[in-house]
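Some notes on the structure that comes next.
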Amino acid sequence: MANIKKGDLVQVITGKKQDKGGDRGKQGKVLDVLIEQNRVIVEGVNYVTKHNRVGQSQRGTKTGGIETMEAPIHISNVAVVDPSTKKPTRVGHRVEEQTKDGVKRTVRVRYAKTSGKDL
C-alpha cells in the first residue's frame, strides 16, 4: 500500500532552502502520483518553464509559447504532513475492523506516526 496518495498534503524535505530560491519547506497538495518513476507532482512546487511550438488552432487563434508548470519530484524528497501538528511525519498502517450494513470487514488504515513527540 502506498504511503503517499493523490490529494495528500506533503512537504518538501530536501533541496535548496526557500530563501535561496529552492523548494525545501514548501507544502502543497499531491496532484498526481507517477508509480513507475517513483515521482509525484506537487501543487506549487518544482516549477519549470516549458517552451511550446507556436501553432494555430481550427479557429485561427495562436497556441504555444512559454508556460510554467509543475515538474515531478522524487517521492523520497517529500513527506506527508500530519493534520494535527502541520509538520512532516511518517505514515503507518494498522488493521481495523469496520462494520458496514451488518458485515464486518478488516481494513488497512493509514495513520500519522507520532514522530518527534513524547509518548
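If I ask for residues that are touching a Ser or Thr at 6+ places or on another chain (Cβ under 8 Å) and under 28 Å from Tyr111 (Cβ atoms), which ones from segment 15-56 would you list?
Once the filter is applied, which keeps residues that are touching a Ser or Thr at 6+ places or on another chain (Cβ under 8 Å) and under 28 Å from Tyr111 (Cβ atoms), segment 15-56 yields Arg24, Asn38.
For segment 68-92, enumerate the residues that are under 23 Å from Lys16 (Cβ atoms) and part of a strand (DSSP E or B).
Thr68, Met69, Glu70, Ile73, His74, Val78, Ala79, Val80, Val81, Pro88, Thr89
Kindly evaluate Val95 against the criterion of being open to solvent by 100 Å² or more (accessible area, probe 1.4 Å) and assigned to a strand (DSSP E or B).
Yes: the conditions hold for Val95.
Only residues that are open to solvent by 100 Å² or more (accessible area, probe 1.4 Å), more than 16 Å from the chain's Cα centre (by Cα) and not polar (S, T, N, Q): list them for segment 14-48, please.
Matches in segment 14-48: Lys16, Lys17, Asp19, Lys20.
Can you tell me which residue in segment 49-83 is least open to solvent (accessible area, probe 1.4 Å), limited to those that are free of Cβ contacts under 8 Å to residues at least 40 places away in the same chain and in contact with a Gly (Cβ under 7 Å, 6 or more places away or on another chain)?
The qualifying residue least open to solvent (accessible area, probe 1.4 Å) is Gly55.
Could you check segment 57-78 and list, in sequence order, the residues that are on the phi < 0 side of the Ramachandran plot and either aromatic (Phe, Trp, Tyr) or modelled with pLDDT under 85 (or both)?
Within segment 57-78, Ser57, Gln58, Arg59, Thr61, Lys62, Thr63 qualify.
The values are calculated or read from the model by the stated rules, or taken from the named source; none is laboratory data. Here the structure is a predicted model, which means the values were calculated and not measured. Note that we place each Cβ from the backbone using ideal geometry, even for glycine, and neighbour counts take in every protein chain shown. Ligands, DNA and RNA are excluded from the accessible area calculation, which covers all protein heavy atoms including side chains. Shrake-Rupley method; radii C 1.70, N 1.55, O 1.52, S 1.80 Å.
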